[in-house]
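This report refers to the structure that appears directly beneath it.
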Amino acid sequence: MALGRAGKRGVGKAADDPGRMVGRRIRQLRMERGWSLERLSAASGVSRSMLSQIERSRANPTLNVTLRIAHALGVSLGEMVEQPSAASSIEVIRADDRQFHYRSDDTCTIRTLSPLHLEKDVEFYEIRLQAGGALRSAPHYQGTREFLTVERGRVRVVSAGEAVELHRGDSASYRADVPHAIENLGRSAAVLFLVVIYA
């Protein structure tokens, strides 16, 4: 399972690998600014694919690439590679912490429920879709899947040319390496919990 692999990566010398630390730091800074990979790519001139691989520790950036990303994020090279200080073994994400609000507009609010700085193959989100709202996504990396649970409301999930309707308490698993969407079919806001698992 992807979750198991993510857990093993935090053990031993791999946890201190500079490439991994830089990848986590880039993701942390990007998420704190509410930037998508596309926005950071446009600002730094580094491809979205490369940025994603760096953040997931599947590629080690050169010094030149690291500098370009640092400049785009408005930090120095030293701030980019600094090692985080020791922290508590319990991490809390407060409901009102705005840095975890990945997206917020008139139709859709997405809040990250997993720590921003962690290297992980699993991401956890709370999604609030207003009536008539939809979250449409481009394909993620090959093998990526999403697991959706409906806390409140009625939604339709579309993936790989198929569609299914979900109600409160229902869950669905579907391919996310193809265009996919979540659409609110109800007359009030829908509250959803989404887990993204990368292959």
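The values are calculated or read from the model by the stated rules, or taken from the named source; none is laboratory data. Because the structure is predicted, anything quoted here is derived from the model rather than measured. Because the Cβ atoms are built from the backbone with ideal geometry, glycine has one as well, and the counts that use them run over all protein chains shown.
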Can we say VAL191 is in contact (Cβ under 8 Å) with a residue 60 or more places away in the chain, of a type in the set (A, V, I, L, M) and touching a Lys or Arg at 6+ places or on another chain (Cβ under 9 Å)?
yes
Per the filter on the range 41-53, residues closer than 15 Å to ARG24 by Cα and more than 14 Å from the chain's Cα centre (by Cα) are MET50
Here the residues within the range 184-199 that are loosely packed, with under 14 Cβ neighbours inside 10 Å, over 21 Å from SER52 (Cβ atoms) and of a type in the set (Gly, Ala, Ser) are SER188
When every residue in the range 56-73 that is polar (S, T, N, Q) and part of a loop (DSSP other than H, G, I, E, B) is compared, the one nearest to the chain's Cα centre (by Cα) is SER57
Counting only residues in the range 25-36 that are over 12 Å from the mean Cα position of the chain (by Cα) and of a type in the set (Lys, Arg), the one surrounded by the fewest Cβ atoms within 10 Å (Cβ to Cβ) is identified as ARG33
Turns out the strands (runs of 3 or more DSSP E) fully within the range 104-183 with at least 1 residues that are polar (S, T, N, Q), surrounded by fewer than 18 Cβ atoms within 10 Å (Cβ to Cβ) and in the same structural domain as ARG56 (by TED's automatic domain parsing) are none
